[in-house]
1. Taking square-rooted eigenvalues a ≥ b ≥ c of the alpha carbon gyration tensor, is segment A:329-449 rounded, prolate or oblate, where a/c under 1.5 means rounded and, failing that, a/b exceeding b/c means prolate?
2. What's the angle, to the nearest 10 degrees (0 to 90), between helix A:220-236's Cα axis and the longest principal axis of chain A?
3. Between segment A:394-449 and segment B:167-237, what's the alpha-carbon centroid distance in Å?
4. Give the accessible area for A:ASP225 in Å² (nearest 10); use a 1.4 Å probe, count only protein heavy atoms, and leave out ligands, DNA and RNA.
5. Could you work out the mean count of beta carbons from other protein chains within 10 Å of each residue's beta carbon in B:116-127?
6. Need the C-alpha centroid separation for segment B:96-120 versus segment A:259-286, integer Å.
7. How far is helix A:280-296 tilted off the main Cα axis of chain A, in degrees rounded to 10, range 0 to 90?
8. Distance cut-off 28 Å, Cα to Cα: go down the list A:LYS276/A:LYS299; A:LYS232/B:LYS121; A:LYS232/B:LYS96; A:LYS169/A:LYS276; A:LYS169/A:LYS296; A:LYS232/A:LYS276 and report the pairs above it.
Amino acid sequence: MVTNMIERHYTDEALIALIETNRAAADRHLPACEPCSAKIESFRMIADALCDQESWDRPASEPVPATIASLRAFADRMTDEDSRAETILQALLAGSREEWMPRLNEHPEWRTAGVVRKLIEQVYTTVVAMPPDAVEMTALATDIAEELDSTAYPSDTVARLRGAAWRDKAYALFYVGKFAEAEAAIFASERHFCSCVVSEYDLARLGIVKALVLRPFERFAEASDAAVASAKTFEDYRDLNRTVSARLAEVPILVSRNMYAQAERLLLDLERQISKSTHVDTHARVLGGLGQIYKKLGKVDVSIHYYDCALALLDDIGASTETVRIRWNVAVILAEAGKVEDACARLRDLTHEMANLGMTVDAALASLDIAELLLVQNRYEEVEEICRSTMQAFELAGLAYTTRALTALAFIREAASLRRDDRRLVRSVREYIRVLPRQPNLLFAPSPD
Amino acid sequence: MGLKSTNVQRSAERLREGKVAVLEHNASDVTPNASPQRTEKSSARPGDPSAPPPPTVPPAPAAPSSPGAPSSPAADDVEALYIEHRNLLLYVACRKFRIPDPDAENLIQEVFLSFLQTGTKIENVRAWLVAAMCNASRHYWRAQGRIESLPDDFKEHCDPGSQGLADQFAMRMTVRQALDYLQPRCRETLWLHYFEGRSAGDVARELETTNRYAEKLIHNCLKRVREIYLSITAVTK
């Protein structure tokens, strides 16, 4: 009898009888037969639902025309404001950022919710390309949002906009290293969002920024709590991409606390979750994180493997700048592993690509990596040549801080021409050039020997 | 914005009044909406109809565009979303959080206004709306807590485990829809056996038939409701 049951599927009647008599758990066929176990599960699900009053309730009422009218009016108003805002933004953001706020003050009619939304829309792309511009854009957004008449918009529209503007300001300030100001912006954002009827999702987005901002203060527990709480909320909203992003914010916190094993576990868990999704960008960030962690753990081959995986994904989506940064990490790992020639060759390729992508500073930093490797081998002429070409690239780029960068590079060129192996000088110039975009008025002072 | 004369409102009123509701029974009615005679299983929320009104959403000001101006695609989208998800959200608010109907409708509007302003791509719209509805409902009771005492079972309202909430609610709604397509006798059989927990023998007595036939009826009706359920979900997928 049992043998027959294993070979043949149960009839519907037999499955229902198993549920009715509570014998399903003891049955031997079901665990081995996927179709039968799936079918009995669906019968059980329906039977359970039939025990629930909610399944017997009468259908809900018809949609309410007044609600539809209100929502349509609001959507139309947003569309109208947003389309006007696009034109306004072109005029507002013309010229250098120092001109933007005075120009806004000359045009009170530009202070609309649409302009705030459009400014916010641009912050995340601008913060990568030109962080101080992003900071100024968020200053405009918060300034406008704070002065909007909340009674002119339905419900908590204005409070929500203010919250969003302050959140993005916090992020932009964090990006340029103004952590104390970023924290103050977080408080402002939190205050506005908390006054909204629906706030969890926005607060969770703020939580990610909070986790980033609190880490430099070494308030690791708070930062970690913020990231975990955000991830929990995003899970509730079934937002896998943001859930993973929130948990990714925990990784630098763990790294700061030298908890590499925990970071590794977390990243591997995230990799399992995200690998089957279509969120290629986030998946690549997770893989890049694994590359970084394995580098910290001294597992060079594994590190390079994960970096390669991240590269493959980034190539697919055409994320050129991210790709070159990861390849840069790989080259540095090879250099640290003593594979100098391979590292130099990769870095030389990268500097050309970076220059083509307009990543002048990154190209200079990668060139200085090469210079340091060459100094070890006393290849001074090549170092001189690298300095010359890097200086030329800065001149061509015509950046606000070009002169200062040239001065710093001249120190290395001079040291190389004197055949002096001054790797400490190279490192201090590299650090100086790294911070120059954020602090363009910083003067270079070579460290005293 | 009221929901006068609606079934859900009547149901919520019954809950507020703490009365045992008896739904109409029309044995000859084979149209959807017909339910067998039954009593409410759940206990009513002790509410005070004279309590101050909760914070509600003022109607959105009219769009700046002139009357008759063409609507934006965003307006069409939000209307479609509202129509698609309203019942589910109403269900979450009224059934899980026991929010009075007119207030629930206001909260739905809040949820959609918030949805319109997210400014970011939403991965799973239904889950987002349900989770936001839970958020709005909790906010509602918190606000109520400031002006009147909270219901005794407030904590149960607050955490319906929103991870699988949308699926669970959607499933119950689909079963309800499937029941509407059944013959009254079949619906009554399922009602007696599953909802009231009566044995096949009891069902046989109630339907004036044999035990064996009642058993067969229970099985067939369960099979039938499952078939309809699967066909509905296949279509909506």
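1. oblate
2. In chain A, helix A:220-236 runs at an angle near 40 degrees to the longest axis.
3. So the separation of the two Cα centres works out to 80 Å.
4. 100 Å²
5. Values: counts 6, 13, 6, 9, 7, 2, 4, 11, 4, 1, 1, 5.
The mean count of partner-chain Cβ atoms within 10 Å per residue comes to 6.
6. Using only Cα atoms, the two centres lie 34 Å from each other.
7. Result, in degrees: 60.
8. Values: A:LYS276/A:LYS299 26 Å; A:LYS232/B:LYS121 18 Å; A:LYS232/B:LYS96 21 Å; A:LYS169/A:LYS276 33 Å; A:LYS169/A:LYS296 32 Å; A:LYS232/A:LYS276 20 Å.
Too far apart for the 28 Å limit: A:LYS169/A:LYS276; A:LYS169/A:LYS296.
The values are calculated or read from the model by the stated rules, or taken from the named source; none is laboratory data. What you see is a predicted model; the values in this text were computed from it and never measured. We place every Cβ from the backbone using ideal geometry, glycine too, and count neighbours over all the protein chains shown. All accessible areas refer to the heavy atoms of the entire protein, side chains included, with ligands and DNA or RNA removed. Shrake-Rupley method; radii C 1.70, N 1.55, O 1.52, S 1.80 Å.
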